[in-house]
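Only one structure is covered here, and it is reproduced in the block below.
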Amino acid sequence: MKSAKPGKHISDVEVTNVSAHGFWLLLEGRELFVSFEQFPWFKDVPIGKLLRVELPQPHHLYWPDLDIDLAVESLEHPERFPLVSRVKPARQTRRTRRPLARSSAR
């Protein structure tokens with residue numbers, strides 16, 4: 001009796017582990033670490049959005065729920081991409097009270 005042919009490989013990329021420091025991607029049989037220090041826009045996202053990653057092209061990763069694109073090379077050789085993000089904390093605005101306009105009818 002012969003076994004059926006294996007099915008189509010459906011996942012070329014997946015998040016395999018998440019820590020306080022970053023997460024690991026299994027990409028076509030190799031594991032890559034994505035540091036939150038180097039890629040800060042991933043740090044505070046919901047886990048479900050982080051796990052939904054696609055590989056639309058061999059050298060291109062995409063997180064559709066976050067609208068984030070990354071070149072695989074930026075994970076393999078982060079030293080070649082020194083400016084990864086300029087994410088800054090949101091500025092807090094302070095509300096000022098304006099005097100109410102007075103009605104001219106007396």
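How many residues does the stretch 55-73 contain that are closer than 13 Å to V34 by Cα and not in a strand (DSSP E or B)?
Counting residues in the stretch 55-73 that are closer than 13 Å to V34 by Cα and not in a strand (DSSP E or B) gives 2.
Of all the residues that make up the stretch 33-75, how many are touching a residue at least 40 places away in the same chain (Cβ under 8 Å), within 17 Å of D12 (Cβ to Cβ) and surrounded by 15 or more Cβ atoms within 10 Å (Cβ to Cβ)?
6
Exposed (fewer than 14 other Cβ atoms within 10 Å of the Cβ), at pLDDT 90 or above and among the basic types (K, R), is that true of R95?
On the way: exposed (fewer than 14 other Cβ atoms within 10 Å of the Cβ): yes; at pLDDT 90 or above: no; among the basic types (K, R): yes.
So R95 fails the test.
The values are calculated or read from the model by the stated rules, or taken from the named source; none is laboratory data. As the structure is a computational prediction, the values presented were derived from the model and not from experiment. Methodologically, a virtual Cβ is constructed for each residue, glycine included, from the backbone with ideal geometry; neighbour enumeration extends over all protein chains shown.
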